[in-house]
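Here's the structure we're looking at; comments come further down.
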Amino acid sequence: MKYNVGLENVKNGLEAVLVFENEKVENPVFNKMNELGLFSGKEGEVVIFRDLEDKEKVALVGLGKKEDICINKVRKIFYNVAKEMQAKKEEEIKVFIPKLNELCTRRTYAAALEGFIHAEYKFDRYKSEKVNNKEITVNFFVTPEKEEKVKKGLKKIANTMEGVFFTRDLVNMPSQDLYPETLANFAKEKLEEVGVKVTVYEEDEIEKIGMKAFLSVARGSSNRPRLIVMEYLNDADSSEKIALVGKGVTYDTGGYSIKPSEGMKTMFCDMGGAGTVIGTMYALAKNNVKTNVYAVVAACENSISGNAYKPGDVIGSLAGKSIEVDNTDAEGRLTLADAVYYSSTVLKVDKIIDLATLTGACLVALNEFYTGSVTNNQELFNEVLEASKKAGEPIWQLPTSDEFRALNNSRVADIKNSGGRMGGTISAGLFIEAFVNKTPWVHLDIAGTAFLSKEYSYLPLGATGVHVKTLVEMLDKPCGCKN
Ligand code: BES
Ligand code: MN
Ligand code: ZN
């Protein structure tokens with residue numbers, strides 16, 4: 001994928017002709033296709049036409065109903081253009097986008113480029129034969145007074161999408177290649193390149209720190225745990241620091257509360273939260289965003305062996321609270337409890353956002369369409385929500401109350417690690433809340449959105465890299481526009 005701004009088109013490239021549904025444009029190919037009933041401007045419609053002498057070479061692009069256009073539709077529309085170009089082996093296109101209703105020009109162009117980039121993702125690491133699509137070049141045209149702003153927006157989304165693709169590659173990788181040690185190595189290798197400091201703690205050091213809950217989960221696997229702490233401090237004018245905490249269970253068998261094999265099969269994706277925070281750190285650094293961020297991943301495997309933790313065990317935690325293990329399959333919250341408490345007390349951050357493929361209940365509630373959220377701070381949640389809307393990565397806030405908190409009460413210990421099936425996303429979130437030490441905190445349950453069972457809109461089957469864009473959007477506020 002290559003893009004230029006304001007360059008002349010090479011002779012052979014297509015020209016994009018953008019058409020709202022049931023509107024007319026001055027273009028001979030449009031007239032013909034429209035007359036024949038082959039193109040009417042419906043959302044997502046793309047017709048590529050080249051005549052035999054190569055005089056007319058256009059891509060008719062349907063924008064749908066004028067009143068419905070929005071940034072997320074722009075992403076999907078240009079994703080479709082790219083897919084159709086791949087199918088027709090077209091390599092170059094010229095795109096001018098007029099002002100679409102009230103949409104910000106910078107965001108509109110960025111969304112178009114994002115759509116083109118999404119169409120390029122593939123995960124073929126384990127295929128002997130790789131499909132090599134022709135590289136597409138997009139020549140964007142912009143009115144001169146907007147050019148500088150648009151260029152910045154394009155550069156930013158191109159960098160951010162590198163982070164998204166890095167996340168997807170990590171999350172798609174099966175557990176024989178991606179386990180705590182290799183996850184730490186992949187993170188270190190890629191992040192140090194862009195100036196993020198990465199510290200990896202091995203088991204003896206994790207023990208010294210006192211992360212007993214995390215280590216209990218890790219006990220059953222011969223792939224030993226790692227605590228990965230990433231540091232990007234790039235705003236000397238501010239003392240405020242935020243921690244992004246990602247669930248890093250590189251495989252979740254369920255432990256002795258073992259999963260049925262159907263539900264286990266894709267559990268290499270259970271480090272989706274870790275993937276997102278690592279990809280976000282990459283994108284922030286690549287964009288030179290002015291902010292101070294830590295990312296924390298307590299990476300381990302939830303497995304069985306003679307040494308594994310068992311249902312009924314009472315374990316300790318970094319916070320000093322005792323935890324009854326009600327279910328060894330509720331392992332993510334145990335690792336996160338120590339990771340968020342570490343962020344609050346050792347890193348001394350002012351805010352925490354955790355991301356985790358935490359509960360099957362979240363899929364029951366919100367399908368693969370929305371991330372579920374629980375918070376102890378409405379203001380911080382609202383910031384995350386606003387950014388997620390701009391990024392096109394929907395989030396839905398779930399209610400909290402003492403009735404839900406009481407589900408985690410234990411008869412024998414200070415708290416137990418499962419509040420049961422009903423309202424399971426909320427009780428899981430509130431378990432983590434008990435360890436954030438009152439730090440303003442937002443929990444994002446990405447069990448449904450991090451890894452898709454089928455492709456959806458411009459997102460592929462498998463890992464999505466969800467919320468890398470949201471977090472970059474939130475931590476870097478360049479535009480100030482409303483959409
Ligand atoms: N990793 C799973 C949650 C999950 C399920 C992620 C489906 C992605 C897709 C998590 O560790 C888990 O097993 N949760 C249990 C909790 C229960 C035992 C309280 C669940 O959701 O069944
Ligand atoms: Mn589990
Ligand atoms: Zn899990």
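No lab work stands behind these numbers, since they all come straight from the coordinates. Since we're looking at a predicted model, the values are computed, not measured. As a convention, Cβ positions derive from the backbone with ideal geometry for all residues, glycine included, and neighbour counts pool all protein chains shown.
From a point 7 Å beyond the Cα of E262 in the direction of its Cβ, which residues of the stretch 441-473 have a backbone N at a distance under 16 Å?
453-454
Of the beta bridges DSSP finds with both residues in the stretch 2-142, what % are antiparallel, to the nearest 5?
25 percent
Of all trypsin sites (Lys or Arg not before Pro) in the stretch 421-478, which ones are in loop regions per DSSP and have a Cβ with at most 16 other Cβ atoms within 10 Å?
Those that pass, being in a loop and sparsely packed, are R421, K438, K454.
What FRET efficiency would be calculated for the residue pair K88, E23, taking the C-beta separation as r and a Förster radius of 35 Å, to the nearest 0.05?
0.90
Equivalent-ellipsoid semi-axes (√(5λ), Cα gyration tensor) for the stretch 276-358, whole Å, largest first?
Calculated on Cα positions only, the semi-axes equal 30, 15, 9 Å.
Per 5 Å bin from zero, what fraction in whole % of the C-alpha pairs of the stretch 256-308 is there, up to the bin with the longest pair?
Result returned by the calculation: 4, 14, 20, 16, 14, 11, 8, 6, 5, 1.
Considering only P460, Y79, F404, whose Cα is most displaced toward the positive end of the charge dipole of the chain, charges sitting on Cβ of Lys, Arg (+1) and Asp, Glu (-1)?
Among P460, Y79, F404, the one farthest towards the positive end of the dipole of the chain is Y79.
Mind jotting down the three principal axis lengths of the chain based on Cα atoms? Whole angstrom, largest first.
Answer, in whole Å and largest first: 79, 50, 42 Å.
What is the spin-label model distance, in nm, from L52 to V364 if the labels are put 7 Å beyond Cα along the C-beta direction?
6.4 nm
With both partners inside the chain, how many of the DSSP beta bridges are antiparallel, as a percent to the nearest 5?
In the chain, DSSP labels about 40 percent of beta bridges as antiparallel.
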